[in-house]
Each structure stands twice: as structure tokens, then as C-alpha cells.
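Here the structure comes first, spelled out in C-alpha cells, and everything after it is commentary.
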Amino acid sequence: MAWIEISISVAEEATGVAELALEQHGALAVTLQDDADNPVLEPGPGLTPLWPTVQVQGLFDPGVDRERIVEALQVVPGADRPDRIRWREVGDQDWERAWMERFAPMKFGDRLWIVPGGMQIPFDPDNIEIRLDPGLAFGTGTHPTTALCLEWLDGQDIRTRSVVDYGCGSGILGIAAALKGAARVVCVDNDPQALEATRENARRNGVSHVVECFFPDDYSTAEADLVLANILATPLISLAPRLLRSLRPGGSLVLSGILEDQAERVLSAYTPGLAAPTVKVLEGWVRLQGTRNADAVSPSGWEG
């Protein structure tokens, strides 16, 4: 069976209009890709950056009326240029091959695995499997920052512990904690699609009863046993008071999403609140881990 992929190249500010037009006219899936090999630099807190020009792709049933879709896309700025809209046939085997090439089961530490839907790993009763659909994910374990956090989680005993996954994305870290026996996992993100993905991934992995999702404004800081934050350096610095308030004295804080030359700046934002910090580097990215130092920090001075 051949599917139809219709794509349109738009400026960043027109992305939402193009997505909505494709979805409203029957797209089974909508994806975004860089249209011109532009890097995305570090965003500020609360921002979700895209490339300056974006290719918005919609996947349709083979019987789709192409002319109707092209007409519907005329509401998108720049769609009147015929070279902006393209379509091609995509077979089932093409999609399956792309899936297999991009995603495969990944192991972190000794027992923790991420396993994409439809794939299997050799049976081992000690394995902990996180089942994910990358189509829902804002992080699938392939990035070094996620790998650093998962590797650390694999070596921890967090049974009966309380965990906060701040900036949860697809919820991978929080779900891993739940599967390892955490009693309560709070996932926080400012993107509603991220929270939707987290809820669905928690359901898929049978931990919906453990995982709770909140927007930052709805999240009340509480003294958890473990706080994980895999975001970027600038928001990590601005969130330092809030993340420290979320951690009980002696609890563990794990930060990632930090480039190697940013580590000292991030670490200084958590001093003297963080005791005995350790640093792990992978492919130029850093994981910082330490415990909350109750003696050096006064909770009354923290805001957030």
C-alpha cells in the first residue's frame, strides 16, 4: 500500500497554520523537519524553537484528493508559490525501513532498555523495558543527555521514592523511575503535547497510576527524593531555586542538557545548595549530579 506524503515549506511563524490545515483535511500524521539545514540554538525559558524555514509534512491515505489539499493550503503564507508544495508516494516498506534505520532497542547501564513499539529484545527477567512510540516522543533516548540520565537511573535503587521529572518531554525519565519502583512520579512541562505524550507513554508502560502530569504553573514544589531535569543550561540556571525547593535535604538532583563549556556556570547556580557534585561527560554533553545540602541552603530564601 502506498501512502501520500504532502509537504509544504514555510517560514517558522507559519508552521502552526500549515499544521492545522493538514490536520483539518485528514492528515494521519504531521511532522516537522528542517528545510535548509539550519541549527537550533539554545532557547530561553519557556520557548520551543524551530528552524527559520520548516518543511511541514502530512501523511494521507492513497485516495486523498491532492487538489483539495493544495487548495486548503492556500491559507498558509507563501503557499501561492508552486515550488513550496510537493507530494510523493511512500510505501509501507519505506516507512518500516526508515523506522528500523532510525530506531532500535537501546540499553542503558546493565538493565534499562528503551524498546520502540513492535520490536523485541532477548529475554532476561532482570531487564526493565520502556516501551515507546517515537511518533509520540519528544526524546527517545538517542540524545546523549537522555542517555546520561538513563544510565544514572539504571544504577539507582529508587523503590518507594518520590521523583520529579522537570521538563519531562515524552516522560522517558519519569517512566523509567516508575518502572524501577518509584512510589510517585511528578512530570512537569510547559508544552501540552509533551504532557499528552507523557500520559500516553505512561499508559503504554502500565504506570499511569504512578505518573502525574502538571504544567509549571500548576506544580507545587514538594520535597521529593529525586529531581531530574534534562533541559538546557539557561533554563536550568533560572530554575535553580525552584528545583532545589523541590528536593528534600539529602535528596538527589540530576541535571543534563548542558554543554561541556556551560557546566561551571550551571553548577555555580546550584552552589551552595548542591553538595558533592559529580560531572559525567558524553559527546560534549554533561550530566551534573549531587545531593541537596541542607546546612548550606536556607529554604526561606528560595522562590518559585
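The values are calculated or read from the model by the stated rules, or taken from the named source; none is laboratory data. Predicted model only: the values in this text are computed from it and were never measured. All Cβ positions, even for glycine, are placed from backbone atoms using ideal geometry, and neighbour counts span all protein chains on display. We work out accessible area using only protein heavy atoms, side chains counted, and drop any ligands, DNA or RNA first. Shrake-Rupley method; radii C 1.70, N 1.55, O 1.52, S 1.80 Å.
Between 194, 170, 210, the Cα set farthest toward the positive side of the dipole of the range 166-214 (charges on each charged residue's Cβ, about the Cα centre) is that of 210. Residues in the range 160-304 average 41 Å² of solvent-accessible surface per residue, probe 1.4 Å, ligands and nucleic acids excluded.
For the range 189-300, the Kirkwood hydrodynamic radius comes to 15.0 Å, computed from all pairs of different C-alpha atoms.
Label separation (residue 110 vs residue 123): 2.2 nm, computed from points 7 Å beyond Cα along the C-beta direction.
Where the accessible area of the range 204-259 is counted over protein heavy atoms with a 1.4 Å probe, how much of it, in %, is carbon and sulfur?
It is 51 percent, rounded to a whole number.
Each Lys and Arg Cβ is given +1 and each Asp and Glu Cβ -1; about its Cα centre, the range 154-238 then shows a dipole of about 340 debye.
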